[in-house]
Amino acid sequence: MKNVTLSASEELIEQARQIARAKHTTLNQAFREWLAEYTARDSGLREYKAVMRNLAQSGVRAGRKFSREEMNER
């Protein structure tokens, strides 16, 4: 595991520690969980963009612009 040094105000750090204590965890563990979620979101966005790019390269087109009402129909 690699160490990372971060900077934040003392007040913010203390608030984060109190939240972590209330959740029976540590600030380090909370940060590791946040970091995993943060990278997963970016990964999902990259996958979405890759799928859309592949569809466009395959010739899949909407054919026209859809109205707001059409896009929100269920």
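Just so you know, all these numbers are worked out from the coordinates, no wet-lab data involved. Given the structure is predicted, the values throughout are model-derived calculations rather than measurements. Positions of Cβ are backbone-derived with ideal geometry, glycine not excepted, and every protein chain shown enters the neighbour counts.
For the peptides 22-32, 5-15, residues were scored by their other Cβ atoms within 10 Å and the scores averaged per peptide; the highest-first order is 22-32, 5-15. Projecting the Cα atoms of 52, 27, 4 onto the dipole axis of the chain, where Lys and Arg carry +1 and Asp and Glu carry -1 at the beta carbon, places 52 farthest toward the positive end.
If R0 equals 35 Å, the separation of the Cβ atoms of residue 74 and residue 46 corresponds to a calculated FRET efficiency of about 0.80.
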